[in-house]
Amino acid sequence: MTVRPDDSGAAMTLHNAIQRLEKAGVPDPAGDARRLQRACPDAAAYQHAIADRAQRKPVSHILGTRAFWKHDFKVTPDVLDPRPETETLVELALSETFTKLLDLGTGSGCIVISLLAEMPQAKAVGTDNSEQAVLVAGENAVMAGVADRLILPLSDWFDDIGGQFDLIVSNPPYIAAHEMAGLAPEVRDHEPQTALTDRADGLTAYRTIARDAPGHLTPGGRLLVEIGPTQGQIVAQLFRDAGLKDVCIHPDLDGRDRVVAARMPGG
């Protein structure tokens, strides 16, 4: 049976679904119940999807996709679920033109693919140390029509990367070990741990990026990283200490510190 919002049986199913998700503590039970209803081809699929959501499985994992910027991206448990706040980094990156782009820890590829789609003259490298993540990013690049301009090597940050870039971006793992227990179950129990935390103070990746990015930036090239909302000043100082200039912190739409930007001297 096809589930339709105007069908009385479907309306009861939706009501029951919302109640079940409310009981499970899902933050937006009505919104999620409706999203899943629209996506499911029949009542049996809908009931299965609601059962998964009641176990706090993310909607993106149930549907297999997540909308980000201007595309839908394939999402699996091997990659970080693209989040709206990361679009702040994309918007800032697009404020200037670039031709050679490096995305560190690309995951699903949502950042680098969104940027390439907006800059048809650009070519990019997207690194990750997870083979599964690289495969997901490759599929997303094909779907977005940018695969011919994107190389996806396995690399632990800069370890296997040569050359220089006029833009380097990254959304690294920035959750401190002691913060993990406080995350929502959708994040803590279903997303890859290595994409969330360094199992230390949440700053390990930024230290590596600050140390190595200057050797991979062209004169005047830009560095943009997403951060946790309490890390802005610390990351900004790491970049200043590395000799980068024009260091500034940008908020997301909720007013929280979200991106630290810096520039290589010269150019």
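No value in this document is a laboratory result; all are computed from the given coordinates. Not measured: the values here are computed from a predicted model. With ideal geometry, Cβ positions are generated from the backbone for all residues, glycine too; neighbour counts draw on all protein chains shown.
Determine which residues of segment 208-238 fall in the zone a paramagnetic label at residue 70 would reach in this model, i.e. backbone nitrogen under 15 Å from the point 7 Å along Cα→Cβ.
From segment 208-238, the list is empty.
Select from 127, 13, 86 the residue whose mean-square fluctuation is largest in a Gaussian network model of the chain (Cα-Cα springs shorter than 10 Å).
13
First select every other residue whose beta carbon is under 14 angstrom from the beta carbon of residue 56; then total the charges, Lys and Arg +1, Asp and Glu -1. Don't skip to the answer; put the middle values down first.
Numbers: positive: 20, 23, 53, 57, 188; negative: 22, 28, 32, 52, 81, 186, 189, 191.
Overall, the nearby charge balance is -3.
When the helix-only estimate is applied to the chain (DSSP H runs of n ≥ 4, each -39,500 (n - 2.57), divided by the residue count), what is the mean residue ellipticity at 222 nm, nearest 500 deg cm²/dmol? Each step should come with its number before you reach the end.
On the way: 11 runs with 101 residues, N = 267.
Helix contribution divided over all residues of the chain: -11000 deg cm²/dmol.
In vacuum, with every alpha carbon of segment 50-158 counted as one equal point scatterer, what does the Debye formula give for log10 I(q)/I(0) at q = 0.10, 0.15, 0.17, 0.18 Å⁻¹? Two decimals, please.
These q points yield log10 I(q)/I(0) values of -0.27, -0.59, -0.75, -0.83.
Distance check, please: which entries in 70/123; 74/123; 70/245; 100/245; 74/100; 57/123 exceed 27 angstrom between their Cα atoms?
On the way: 70/123 19 Å; 74/123 21 Å; 70/245 31 Å; 100/245 20 Å; 74/100 25 Å; 57/123 35 Å.
Violating the 27 Å Cα-Cα cut-off are 70/245; 57/123.
Express the relative contact order of segment 79-228 as a whole percentage, based on alpha carbon pairs under 8 Å and six or more residues apart in sequence.
Values: 265 pairs, mean separation 38.8, N = 150.
After rounding, I find 26 percent.
Less than 11 Å Cβ to Cβ from residue 157, Lys/Arg counted +1 and Asp/Glu -1: what total charge do the surrounding residues give? Don't skip to the answer; put the middle values down first.
Numbers: positive: 207, 211; negative: 128, 156, 159, 160, 212.
It works out to a net charge of -3.
With 5 Å bins from zero, work out the P(r) of segment 47-106 over every alpha carbon pair and list the percent per bin.
Computed distribution, short to long bins: 4, 15, 20, 21, 16, 10, 7, 4, 3, 1.
On the first, second and third principal axes, largest extent first, how far apart are the outermost C-alpha atoms of segment 73-228 in Å?
Extents along the principal axes, in whole Å: 43, 34, 28.
Residue 19 versus residue 253, label points 7 Å from Cα toward the beta carbon: distance in nm?
Spacing of the two 7 Å Cα→Cβ label points: 3.4 nm.
Note the per residue figure in Å³ for the convex hull of the C-alpha positions in the chain. Write down the numbers at each step before the final one.
On the way: hull volume 34.3 nm³, N = 267.
Cα convex hull per residue, to the nearest whole number: 128 Å³.
Alpha carbon centre of segment 168-187 versus segment 191-267: separation in Å?
Cα centroid of segment 168-187 versus Cα centroid of segment 191-267: 15 Å apart.
So if I restrict to the alpha-carbon atoms in segment 178-264, what is the Rg, and what is Dmax, the biggest pairwise distance, in Å?
Answer for segment 178-264, Rg first and Dmax second: 14.2, 43 Å.
Quick one: if you stick a label point 7 Å off each Cα along the C-beta vector at residue 164 and residue 201, how many nm between them?
Distance between the two pseudo-spin positions: 3.2 nm.
Could you give the nm distance between label points at residue 30 and residue 43, where each point is 7 Å from its Cα heading toward the beta carbon?
Here the answer is 2.4 nm between the modelled labels.
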